[in-house]
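Here's the structure we're looking at; comments come further down.
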Amino acid sequence: MGGGGGVFHSRTPDDYKREIREIREKSQDEAFETAVNEMINDKLGEYNARDTESHREHLNEIKQILEADKDGTVDLKFAGSVSKHTYVDGMSDVDVLVLVNNSELTDKSPNEIKNYIKSKLQQKLANVEEIRTGSLSVTIRFSDGTEIQLLPALQKGDGYRIPAEKGDNWSNVTRPDKFASKLTEVNQSCGQKVVPVVKIAKSIIAQLPEDQQLSGYHVESLAIKIFRNYPDDAPKTPKAMLKYFFAQAKEEVKIPIKDNTGQSLHVDDDLGQENSPQRLRMSYTLYRISNRMKNADSSANSEEWQKILGDINGQ
């Protein structure tokens, strides 16, 4: 009989050690990823649990006061981060459009309407620490910490005219709903994960010195641009998408983003032209955040991730 057989490759003790080490490292990596993602989700849970009922109570009171002695109606419409569900308490403004159509205020200038709003609210609004007028809006800070910005607006078709940034006149027709729909579209294409990433990105940026912060609108605009072409095979976990956002944002911030709402030429006009000194400084700021995340990952340092995410109260 002929002898058959195969070749048996013996495995050395070093082979076993290497396999055990690889299994252990993989298990540790997975545990680290899970821990950081849970950390981010816990932060989101805290942000989402903020009591919005107090905001609505304040807004109902404001609406009743403004409608009390005017013919027609004064409607309040959420705008800004609240309407897009990217609001983070203490890190975003509660922007509300005060629609004055069909009332005797429609023929007034923006400043006249802002002064009217301020005067009426000062007379009758309770539990207020401060009411002030700015170039665009009236800001109310309540004793419970809630801050609401009231932006006078005239509805024109499917858009609005709001106070212009310069002078006492109305802006061109703006279409904030158009922007919100784009963010919704990108969010849906990424499994509803973009809006949570925007919230966390805002909270991280809010920890920076004021002159190094991006506006909430700019962060949202960057997210639309960055996640519009998010790779299909890329992980859709909070940590992976947050790292991707900051890695891309450090380059995208160098280029002006067109403002499709019609309010201004660009979302980020205040940063100047492409590769301006302001844009390069902001790029470096975002790079440092991105680099901290990479370093935290390379050393599997969950404590460093906790520092990056920061305290919910910004401490």
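The values are calculated or read from the model by the stated rules, or taken from the named source; none is laboratory data. Values in this document were obtained by computation on a predicted structure and should not be read as measured data. Glycine also receives a Cβ, built like all others from the backbone with ideal geometry; neighbour counts cover every protein chain displayed. Protein only, heavy atoms only, side chains kept; ligands, DNA and RNA dropped before computing areas. Shrake-Rupley method; radii C 1.70, N 1.55, O 1.52, S 1.80 Å.
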Restricting to Cα pairs under 8 Å and 6 or more apart, the percent relative contact order of the stretch 172-315 works out to 29 percent
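Going by the alpha-carbon gyration tensor, a ≥ b ≥ c the square roots of its eigenvalues, is the stretch 114-259 rounded (a/c under 1.5) or, if a/c is not under 1.5, prolate (a/b greater than b/c) versus oblate?
prolate
Sorting check: for 188-201, 32-45, which peptide has the highest mean count of neighbouring beta carbons within 10 Å, and how do the rest follow? List each step's numbers first, then the result.
On the way: 188-201: 20.1, 32-45: 16.2.
So the peptides 188-201, 32-45, ranked by packing, come out 188-201, 32-45.
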Rounded to whole Hz and in sequence order, give me ³J(HN,Hα) for the stretch 191-201 from the Karplus expression 6.51 cos²θ - 1.76 cosθ + 1.60, θ = phi - 60°, writing x for Gly and Pro.
x, 6, 9, 6, 4, x, 5, 4, 4, 5, 4
At 1.4 Å probe size, with every protein chain present, just tell me what the per residue accessible area of the stretch 127-188 comes to in Å².
51 Å²
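When the accessible area of the stretch 99-178 is split by element with a 1.4 Å probe, what percent falls to carbon and sulfur?
38 percent
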Between Q123 and E46, what length in nm is gained on full extension when 0.36 nm per residue of separation is reduced by their alpha carbon distance?
24.2 nm
Cut-off under 5 Å, modelled amide H: who pairs with T174 long-range:
Y160, R161, I162
Under the 7 Å Cα-to-Cβ spin-label approximation, R132 and E185 lie apart by a distance in nanometres of 3.8 nm
Heavy-atom accessible area ranking, 1.4 Å probe, most first, across Y230, Y287:
Y287, Y230
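Which of the three applies to the stretch 146-206, rounded, prolate or oblate, going by the alpha-carbon gyration tensor with a ≥ b ≥ c and a/c under 1.5 meaning rounded? Write out the running numbers ahead of the final one.
Values: a/c = 3.12, a/b = 1.64, b/c = 1.91.
Since a/c reaches 1.5 but b/c is at least a/b, the shape of the stretch 146-206 is classed as oblate.
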Exposure rank, largest accessible area first [V173, V253; 1.4 Å]:
V173, V253
Rolling a 1.4 angstrom probe over the protein chains, ignoring ligands and nucleic acids, what is the accessible area of E104 in square angstrom, nearest 10?
100 Å²
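Are there any trypsin sites (Lys or Arg not before Pro) in the stretch 107-157 that are in a DSSP loop and have at most 16 other Cβ atoms within 10 Å? List them by number. Display every interim value, and only then the final one.
Numbers: sites: K108, K114, K118, K120, K124, R132, R141, K156; in loops: K108.
The qualifying sites are K108.
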